[in-house]
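Below you'll find the structure, written out as structure tokens, and then a few comments.
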Ligand code: FES
């Protein structure tokens with residue numbers, strides 16, 4: 001239902017004729033605004049995750065001005081609200097520890113201020129899900145403005161992709177095939193502009209999924225950050241949020257189960273990051289929807305990989321944009337998508353992709369010539385992962401899809417780092433590398449350690465993939481036969497905690513199985529002897545996290561942030 005001025009939430013702060021609004025108005029004048037700037041206008045919060053130490057959002061200082069321009073043009077009053085930047089390269093132990101903190105910050109920033117709607121500026125991995133989670137819980141009109149990918153990397157004329165090529169060339173360096181000088185040149189050429197990672201990592205996956213679910217204007221997720229089209233998209237986004245406020249178009253109108261399915265379909269067609277599973281479960285949870293892991297597997301089995309993007313394919317996001325970007329991919333998938341879903345534009349997804357064209361059929365493949373016949377993610381179950389585990393078969397060597405091997409177990413990441421290259425370590429390429437204590441509590445924060453390093457002595461034989469298992473996550477830019485998100489996690493006493501050196505482990509991707517080939521009575525003996533580790537944190541945010549974070553299969557959200565009774569708006573005095 002369309003809103004009138006009297007319906008605006010911000011009117012409670014600014015529109016009251018008595019004393020209570022006097023202070024709000026006088027303090028707005030204090031900032032140099034005139035009465036015409038804000039009186040009678042919807043207030044648009046621009047949640048800006050810029051910081052001096054987030055290279056993926058380095059252009060947000062400028063972009064936020066372009067968003068504001070659009071808000072002014074459409075008759076709104078923009079206010080910039082800075083929020084945690086969650087810079088993937090720098091934040092330790094892992095940004096995942098803080099995704100829920102940003103989501104909470106977003107929700108409470110919107111609740112506590114005189115805000116009628118929000119533009120959400122993000123893109124670096126955890127920022128997109130956190131912004132969507134917080135905005136969905138608050139449920140004011142909200143539109144997402146993706147940061148856009150950075151330009152292609154370059155080294156001696158070779159194209160470099162974020163993350164993926166770091167792992168490729170690091171393996172070559174460890175194998176003795178790359179000089180120090182070459183490594184330094186790669187370091188200086190791999191990240192050439194503002195913008196998020198330009199492979200199909202978590203950032204590109206989540207911004208694309210957000211667009212597919214209807215949370216940003218058509219095509220916004222694919223525009224490179226350095227392209228002037230990105231600035232114009234920012235202004236268009238600012239204009240649109242003002243209209244959305246008058247239309248009262250809210251996140252829960254957009255984020256329906258069918259829209260979430262659209263997000264999963266696109267995730268699979270992109271061979272997107274495995275992290276998207278955790279984030280989508282958490283986002284859906286904010287609407288009250290319990291999204292079972294099997295939904296990802298079902299959609300994966302019926303969705304071909306069409307985007308030929310690294311790490312599963314050849315190209316980068318800049319190529320994807322020139323090939324037509326996400327609208328072109330969506331047009332290829334039209335028969336599978338729920339095209340009647342409403343988007344932030346106020347029109348349906350089907351209407352938004354009308355006329356979209358593919359300009360390069362090798363980058364965005366047709367349905368009859370996919371990169372892979374089925375989607376990028378498989379959900380495994382078995383006695384080693386009763387609550388599920390994840391693998392990205394498209395990024396693993398096919399001969400490892402069905403493999404039984406001897407476990408070589410590392411108790412935690414320090415243990416792994418200390419022993420993996422030990423020449424005396426009893427391991428060969430048929431073994432299964434197991435890392436414990438890397439989940440939500442164990443990591444802590446479920447770090448992206450899941451692409452466990454292959455021992456140097458095996459790399460030197462030319463081997464580049466092995467079966468690796470952990471309760472960690474893996475960067476979306478990574479690759480390999482890495483079984484991830486094993487639930488329940490080992491730190492909570494899940495079966496992964498009971499694996500010993502020498503046990504046999506069987507992986508069968510086709511059958512979706514992951515099993516520890518140890519008799520039940522022996523496992524019971526081990527379970528009885530297992531004692532819970534000392535908690536990582538005794539105080540502060542870490543203790544709050546440990547008390548309330550859910551397991552990977554439930555999205556790692558805080559239990560008290562799931563959909564529930566509405567939180568009251570503040571009283572205004
Ligand atoms: Fe920001 Fe990869 S470091 S998206």
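The values are calculated or read from the model by the stated rules, or taken from the named source; none is laboratory data. None of the values given here were measured: they were computed from a predicted structure. FYI the Cβ positions are ideal-geometry reconstructions off the backbone, even for glycines, and counts take in every protein chain you see.
Yes/no matrix, rows are residues, columns are (1) buried (at least 24 other Cβ atoms within 10 Å of the Cβ); (2) under 23 Å from the mean Cα position of the chain (by Cα); (3) within 16 Å of the ligand (Cβ to nearest atom):
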| residue | (1), (2), (3) |
| --- | --- |
| 165 | no, yes, yes |
| 173 | no, no, no |
| 176 | no, no, no |
| 187 | no, no, yes |
| 197 | yes, yes, yes |
| 239 | no, no, no |
| 250 | no, yes, no |
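Is the range 518-535 home to any residue that is part of a helix (DSSP H, G or I), within 19 Å of residue 439 (Cβ to Cβ) and without any contact (Cβ under 8 Å) to a residue 24 or more places away in the chain?
No, there is no match, as no residue in the range 518-535 is part of a helix (DSSP H, G or I), within 19 Å of residue 439 (Cβ to Cβ) and without any contact (Cβ under 8 Å) to a residue 24 or more places away in the chain.
Has the range 372-388 got at least one residue that is under 29 Å from residue 269 (Cβ atoms) and part of a helix (DSSP H, G or I)?
no
Residue 193 versus (1) surrounded by fewer than 22 Cβ atoms within 10 Å (Cβ to Cβ); (2) at pLDDT below 95: which is the lone unmet condition?
If we test residue 193 against (1) surrounded by fewer than 22 Cβ atoms within 10 Å (Cβ to Cβ); (2) at pLDDT below 95, just (2) comes out false.
From the list 109, 132, which one is under 21 Å from residue 249 (Cβ atoms) and touching a strand residue (DSSP E or B) at 6+ places or on another chain (Cβ under 6 Å)?
109
Could you check the range 448-500 and list, in sequence order, the residues that are assigned to a helix (DSSP H, G or I), more than 26 Å from the chain's Cα centre (by Cα), in contact (Cβ under 8 Å) with a residue 60 or more places away in the chain and within 24 Å of residue 383 (Cβ to Cβ)?
Answer for the range 448-500, where residues must be assigned to a helix (DSSP H, G or I), more than 26 Å from the chain's Cα centre (by Cα), in contact (Cβ under 8 Å) with a residue 60 or more places away in the chain and within 24 Å of residue 383 (Cβ to Cβ): 495, 497.
Please determine whether any residue of the range 137-145 is within 16 Å of the ligand (Cβ to nearest atom) and either part of a loop (DSSP other than H, G, I, E, B) or closer than 30 Å to residue 464 by Cβ (or both).
no
Those residues that are away from the ligand (no atom under 12 Å from the Cβ), out of contact with any strand residue (DSSP E or B) (no Cβ under 7 Å at 6 or more places or on another chain) and not in a loop (DSSP other than H, G, I, E, B), I need them from the range 146-158; list them, please.
Across the range 146-158, the qualifying residues are 155, 158.
Mind listing whichever residues of the range 400-419 are out of contact with any helix residue (DSSP H, G or I) (no Cβ under 8 Å at 6 or more places or on another chain) and outside any helix (DSSP H, G or I)?
402, 403, 404, 405, 406, 407, 408, 409, 411, 412
Across the range 24-51, what is the total count of residues that are closer than 21 Å to residue 573 by Cβ, surrounded by fewer than 17 Cβ atoms within 10 Å (Cβ to Cβ) and either touching a helix residue (DSSP H, G or I) at 6+ places or on another chain (Cβ under 9 Å) or modelled with pLDDT under 95 (or both)?
Counting residues in the range 24-51 that are closer than 21 Å to residue 573 by Cβ, surrounded by fewer than 17 Cβ atoms within 10 Å (Cβ to Cβ) and either touching a helix residue (DSSP H, G or I) at 6+ places or on another chain (Cβ under 9 Å) or modelled with pLDDT under 95 (or both) gives 2.
Please work out which one of (1) within 30 Å of residue 246 (Cβ to Cβ); (2) within 15 Å of the ligand (Cβ to nearest atom); (3) in contact with a strand residue (DSSP E or B) (Cβ under 9 Å, 6 or more places away or on another chain) is the condition residue 209 fails and give its number.
Result: residue 209 fails condition (3) only.
So for the range 496-507 (the condition being out of contact with any helix residue (DSSP H, G or I) (no Cβ under 6 Å at 6 or more places or on another chain) and either within 16 Å of the ligand (Cβ to nearest atom) or closer than 25 Å to residue 272 by Cα (or both)), does at least one residue qualify?
yes
Of the residues 111, 99, which is within 16 Å of the ligand (Cβ to nearest atom), in a helix (DSSP H, G or I) and modelled with pLDDT of 95 or more?
On inspection, the qualifying residue turns out to be 99.
Please determine, by comparing only the residues of the range 254-299 that are under 15 Å from residue 378 (Cβ atoms) and surrounded by fewer than 24 Cβ atoms within 10 Å (Cβ to Cβ), which one is farthest from the chain's Cα centre (by Cα).
That would be 298.
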